[in-house]
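Have a look at the structure below before the remarks.
Read-outs throughout are calculated quantities, based only on the coordinates presented, and are distinct from any laboratory measurement. Everything numeric here is computed off the predicted structure, so don't read it as measured data. Quick reminder, even Gly has a Cβ in these numbers, built from the backbone with ideal geometry, and neighbours come from all protein chains shown.
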Ligand code: PAF
């Protein structure tokens, strides 16, 4: 069945309240559209958890800095609706910029500890835009569960902490990374890659798997592991490392000897496209 498309905040709130009166639980997957298998896995997980499902499709301007890919961010609403229909999504929330950021808009939400780390170093205003839009969407949809992918590990952590700090009732679920059969993590931005770049982008996943193997063999010299990764990545002519970081998975501070759960996160420019990926290493 084709999902109901809701474009206004008032109508979305009415729909959620009606479901709540009927005692139905709501799963919510916020997206910027151009859905891929990663999004669909979140939608399926949401349908297992709750009675009804909402997907938002909104390319949020405040999380893009001037000069980033806001204008060329891939969009295909018809295809997104088809995919949502196949996944039996109940409602697609598809607001306009005027609806989300009307004239006179003034208020932003910022995680002051984590937003300037990892991706925040290259994209200093990005997470402020993400937390602001997600807080607004949480208020509007008022879901029982909201689902995010682990590929954006920093985003998931920041949103989890935001939900805790600001007392949102929505439970945050973080689901595993979904990969293409050849290992490339699914991302709407993969569409920007030329065939040659697409091939060279495999080095992100390959270098993570190599570090996992060395870690299992007992290697703990993080500088050595980082150098090995950087060398492998930069040996591909289209690839340039933005960052490779071993950080504590909860604080995003540089991993130390006492870090139990280490997030190994990387961002790599493949041509002009910046891709991210990560893995967790346990001590
Ligand atoms: O991960 C995304 O697609 C976006 O950052 C999100 C969470 C939908 C907010 O715009």
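Report the extension gain between residue 5 and residue 171 in nm, rounded to one decimal, defined as 0.36 nm multiplied by the number of residues separating them, less their alpha carbon distance.
Here the segment from residue 5 to residue 171 would lengthen by 57.4 nm.
Which whole-number percentage describes the relative contact order of the chain, with Cα contacts under 8 Å and a sequence gap of 6 or more?
Value for the chain: 17 percent.
If you stretched the chain out fully between residue 69 and residue 280, how much longer would it get, using 0.36 nm times the residue separation minus the C-alpha to C-alpha distance?
Stretched fully, the residue 69-residue 280 segment lengthens by 73.1 nm.
Please report Rg (one decimal) and Dmax (integer) in Å for the Cα set of the chain.
19.3, 58
Using only Cα atoms, find the angle between the long axis of helix 153-165 and the longest principal axis of the chain, and express it within 0 to 90 degrees, rounded to the nearest 10.
Orientation of helix 153-165: about 50 degrees from the principal axis.
For the stretch 110-134 and the stretch 233-270, what is the separation of their C-alpha centers, rounded to whole Å?
What the calculation gives is 17 Å, centre to centre.
What ranking, highest mean first, results for peptides 49-58, 62-71 when packing means the other Cβ atoms within 10 Å averaged over each residue?
49-58, 62-71
For the chain, take the longest principal axis of its alpha carbons; what is the angle in degrees between that and the long axis of helix 222-234, to the nearest 10 within 0 to 90?
That helix lies at roughly 80 degrees to the long axis.
Compute the relative contact order of the stretch 221-283 as a whole-number percentage, counting only Cα pairs closer than 8 Å that sit 6 or more residues apart in sequence.
Across the stretch 221-283, relative contact order equals 27 percent.
Can you work out D for the stretch 27-155 in µm² s⁻¹ from Stokes-Einstein, where Rh is the Kirkwood radius over C-alpha pairs, the temperature is 25 °C and the viscosity is 0.890 mPa s?
159 µm²/s
Mind giving me the nanometre distance, one decimal, between the label points for residue 248 and residue 217, set 7 Å out from Cα along Cα→Cβ?
Roughly 3.0 nm, to one decimal.
Expressed as a whole percent, how much of the Cα-Cα distance distribution for the stretch 141-195 exceeds 15 Å?
I get 57 percent for the Cα pairs in the stretch 141-195 exceeding 15 Å.
Would you calculate, for the chain, the mean residue ellipticity at 222 nm contributed by helices, counting each DSSP H stretch of 4 or more residues as -39,500 (n - 2.57) and dividing by all residues, to the nearest 500?
Mean residue ellipticity at 222 nm (helix-derived): -11500 deg cm²/dmol.
Measure nothing fancy, just the Cα-based angle from helix 77-86's long axis to the longest principal axis of the chain, in degrees from 0 to 90, nearest 10.
Long axis of 77-86 versus the principal axis of the chain: about 80 degrees.
Contact order normalised by length for the stretch 1-66, with contacts defined as Cα pairs under 8 Å and 6 or more residues apart; what percent is it?
Value for the stretch 1-66: 33 percent.
Can you pull the three principal axis extents for the Cα set of the stretch 130-227, in Å, largest first?
43, 36, 20
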